[in-house]
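Data block below; observations after.
The values are calculated or read from the model by the stated rules, or taken from the named source; none is laboratory data. Every value quoted in this text rests on a predicted model; they were computed, and no experiment measured them. For neighbour counting, all protein chains shown are included, and Cβ atoms are generated from backbone atoms with ideal geometry for every residue, glycine included. Heads up: the accessible areas ignore ligands, DNA and RNA and are worked out on the full protein's heavy atoms, side chains in. Shrake-Rupley method; radii C 1.70, N 1.55, O 1.52, S 1.80 Å.
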Amino acid sequence: QVQLVESGGGLVQTGGSLRLSCVGSGRTFSDYVIGWFRQAPGKEREFVAQIWSIGAMTYADSVKGRFTISRDNTKNTVYLQMNSLKPEDTAVYSCAASTILSTIPKGFTYWGQGTQVTVSS
């Protein structure tokens, strides 16, 4: 079992940057695929990025070139560096853990509580 806690959200202006962190507990954290998802008000939760246990990454088209996912298994932490933020990036961002590769929420077993990101225009 894995417990996940996100941090790093906040209010930023258009074009600004934020770095989100997802800290996991459990001695097998490094074995999990960790994904970031986001959900804006009135919209479905959508895939943002994921990083495999071996370090390979995949991204949603909407964030490619702007967001970077990385992990430090010595700290049981996955990061999401978000640059060139846009108002449409405003959402609650959640990290999740899975034993399989997936870009849909039901593919992930464990979830954090989420952190709010608001981008002002």
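Taking the residues in segment 11-24 that are of a type outside the set (A, V, I, L, M, F, W, C) and closer than 15 Å to TYR79 by Cα as candidates, determine which candidate is most open to solvent (accessible area, probe 1.4 Å).
ARG19
Can you tell me which of (1) crowded, with 18+ Cβ neighbours inside 10 Å; (2) closer than 13 Å to VAL48 by Cβ is the one GLU88 doesn't meet?
If we test GLU88 against (1) crowded, with 18+ Cβ neighbours inside 10 Å; (2) closer than 13 Å to VAL48 by Cβ, just (1) comes out false.
Here's a check for you: in segment 61-71, which residue that is open to solvent by less than 40 Å² (accessible area, probe 1.4 Å) and more than 11 Å from the chain's Cα centre (by Cα) is nearest to THR103 (Cα to Cα)? Give the derivation first.
Quick first cut of segment 61-71, residues open to solvent by less than 40 Å² (accessible area, probe 1.4 Å) only: 63, 66-67, 69.
Pick out the ones that are also more than 11 Å from the chain's Cα centre (by Cα) and you get 63, 66.
Numbers: VAL63: 14, ARG66: 18 Å.
For segment 61-71, the residue satisfying everything is VAL63.
Any idea which of GLY24, GLY65, GLY16, GLY55 is under 17 Å from VAL117 (Cα atoms) and not acidic (Asp, Glu)? Can you show your working first?
On the way: GLY24 fails: under 17 Å from VAL117 (Cα atoms); GLY65 fails: under 17 Å from VAL117 (Cα atoms); GLY55 fails: under 17 Å from VAL117 (Cα atoms).
Unique residue meeting the criteria: GLY16.
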